[in-house]
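Heads up, the thing below is written out as structure tokens.
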Amino acid sequence: MNFLDELYLENKMSGTSTGTTWLSGKSKKHLLVSSPVDGETFAHIRKATVENYEEVLGQANKAFPVWRSLPAPRRGEIVRQIGLRLRDFKLPLGTLIAYETGKTLQEGLGEVQEVIDICDYCVGQSRMLYGMTTVSERPDHRLFEQYHPLGIAAIITAFNFPMALWGWNAMIAAICGNVTIWKPSSRAPVSAIALQKIVARVLEQNDLPEGIFSLIIGDRDTIGERILEDGRIPLVSFTGSAVAGRVTAGKVGRRLGKTILELGGNNGIIITEHADLKLAVPAVVFGAVGTSGQRCTTTRRLFIHESRYEEVKAHLCRAYARLKIGNPLLEANHMGPLIDKNAVKAYQKAVKNISKQGGTIIFGGNVLKGDEYPSQCYVEPTLAEVADHLPIVREETFAPILYLIKYKGGVEQAIALNNEVDQGLSSAIFSTNHNQIETFLSAKGSDCGIANVNLGTSGAEIGGAFGGEKDTGGGRECGSDAWKNYMRRQTVTINYGTTLPLAQGIRFDIE
Ligand code: UN1
């Protein structure tokens, strides 16, 4: 496969790097990586040992004082060069993402673009790490805030965005002056190695030391747990399930470390009686089947006003019948496979539960078999009619299953349904009615971190803060002022006068 050669990837590789150096270690443990596209095993990755971990931590510790002493715009310059190099390798990187995760080539390329965009964004942001200045209550005093880097930031990412999640975190963390240690999902580690190789070249060309951008691929028990409990790591940014997020928050919280959590979503779209279906139908379909339903922002619940219900249902069934499922590297296909057989099992279990719990499958529900599906990971995108929030609807099944729920009454009823689940990542409304839209956006509206109007729940731009509330974990990554989460804030008061007035008018005379 050409794209692997173009990215300098070999069949057998180390999974641990301190920047430009790959650690060999004594580990006999290998991760066999197979593609959900064709079931082929295409990489053997040597997993990190505890000694490797210590080496990575040691190098990161040494690199931090060097990296933080570079002016932030110089750090931005390194990120700029990473972005340039990513442009050169966009096609093979996008192809690798598609091959390793099963998302379509279009989406793979889009993901690389997301990392390029965040690099560009970070170049600018590196000149804008500003704190506010305010007024002091005391004469001849100045009061302001400033931001400093934290140190080592660990980035633990999920399989579904094997490059973008690193980009959002590592590029921002880097311009803020932190060094990063990346532990990618063991379900998409080759994408991580490819990125690390790109970064390594930039580090080399700029004569930068080891330890600024590290990668560590290993087991949860040996490496993951260590990261959570390691007092040398002040910040852990974690993307994954709510269950794993609770463990992360608990362990890092116990040592009073910081976390940025981006956990699951159970995202709803409201289609009111005033919706423009020309916009709503394609948005719903892309939201539900994009990345085979494996985005945190995937549309899982659809609340349709009773007056439009049959019409929307008919449109969706027609659209679903036209979807082409198959090899995601082929342009014509809209949807590829799920990530692995476990994901297929979860899909099958959910489909069973829908019927058991009183819902009706109106489209799909089957695993796909046949020559055009060379692995066992292809499933039909699925539509299910449910009267209400059955237990299965409350769960985030990482698969292309969309629940159709009819609502009566005003937009308030639909908002109540939207807010009924534990997760709070993304939400959307389709309406041309001003009152409905503003109600959805008001304090009594959607309780999610993302609220969209006349567009779908997924595909957020990098310029906004990304993340959500409740079981989604409350973290914010990417744009806006999310960079502040990667820094420590310091409030400074300077007395440039000749007396020492105390705040709150307290008198304390020692003469
Ligand atoms: C995720 O699924 O964890 O908004 C991230 C989106 C993408 C990122 C999703 N930009 O769908």
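I'd like the FRET efficiency for Glu385 and Thr432, computed as 1/(1 + (r/R0)^6) with the beta carbon distance as r and R0 of 41 Å, rounded to 0.05. The value I calculate is 0.95.
Return a whole-number percent for the relative contact order of the stretch 254-323, with Cα pairs under 8 Å and 6 or more residues apart as the contact set.
On the way: 60 pairs, mean separation 27.5, N = 70.
Normalised by residue count, the contact order of the stretch 254-323 is 39 percent.
In summary, the lysines within cross-link reach of Lys408, defined as a Cα separation below 17 angstrom excluding same-chain residues under 8 places away, comprise Lys313.
Based on the Cβ-Cβ distance from Gln504 to Asn342, what FRET efficiency comes out when R0 is 56 Å, to the nearest 0.05? Given R0 = 56 Å and the Cβ-Cβ separation, E is 0.40. Straight-line cross-link partners of Lys12 among the lysines, defined as a Cα under 18 Å from its Cα and at least 8 positions apart when in the same chain: Lys26, Lys28, Lys29, Lys47, Lys197. 3J(HN,Hα) along the stretch 398-409: 7, 7, x, 10, 10, 9, 9, 10, 8, 10, 10, x Hz, from the Karplus curve 6.51 cos²θ - 1.76 cosθ + 1.60 with θ = phi - 60°, whole Hz, x for Gly and Pro.
In the chain, what % of DSSP beta bridges are antiparallel (nearest 5)?
On the way: 27 of 70 bridges.
The antiparallel fraction comes to roughly 40 percent.
Contact order for the chain, expressed relative to its length and based on alpha carbon pairs under 8 Å spaced 6+ residues apart, stands at 18 percent. As a rough footprinting exposure proxy, the listed residues Met487, Met1, Met171 were ranked by other beta carbons within 10 Å of their own, and the order from fewest upward is Met1, Met487, Met171. Binning the C-alpha pair distances of the stretch 267-461 at 10 Å intervals from 0 yields a P(r) profile of 10, 39, 36, 13, 2, 0 %, listed from the shortest bin outward.
Please report the antiparallel percentage of the DSSP beta bridges confined to the stretch 267-461, to the nearest 5.
Of those bridges, close to 15 percent are antiparallel.
Entry for the stretch 199-246 at q = 0.25, 0.26, 0.27 Å⁻¹: log10 I(q)/I(0) = -1.02, -1.05, -1.08, Debye formula applied to identical alpha-carbon scatterers, no solvent contribution.
Cβ under 14 Å from Arg488's Cβ, Arg488 left aside: what net charge do those residues give with Lys, Arg +1 and Asp, Glu -1? Don't skip to the answer; put the middle values down first.
Working: positive: Arg68, Lys258, Lys484, Arg489; negative: Glu145.
Every neighbour counted, the sum reads +3.
Taking Cβ atoms as reference points and 12 Å as the exclusive limit, the residues near Asp340 contribute a net charge of +2, counting Lys and Arg as +1 and Asp and Glu as -1. Averaging the sequence gap over all C-alpha pairs within less than 8 Å and six or more residues apart, then dividing by the number of residues, gives the stretch 267-461 a relative contact order of 30 percent.
In deg cm²/dmol, rounded to 500, what helix-only [θ] at 222 nm does the chain give when every DSSP H run of at least 4 residues adds -39500 (n - 2.57) and the total is split over its residues? Mind dumping the intermediate values first?
Values: 15 runs with 177 residues, N = 511.
So the calculated ellipticity at 222 nm is -10500 deg cm²/dmol.
An ellipsoid equivalent to the chain, defined through the eigenvalues of its Cα gyration tensor, has semi-axes of 40, 32, 19 Å when rounded to whole angstrom and sorted largest first. Label sites at Ser24 and Arg322, each approximated as a point 7 angstrom past Cα along Cα to Cβ, lie 5.7 nm apart.
Laboratory data are not the source of any read-out in this text; all were calculated from the coordinates shown. None of the values given here were measured: they were computed from a predicted structure. Here the Cβ is made from the backbone with ideal geometry for all residues, glycine too, and neighbour counts use every protein chain on show.
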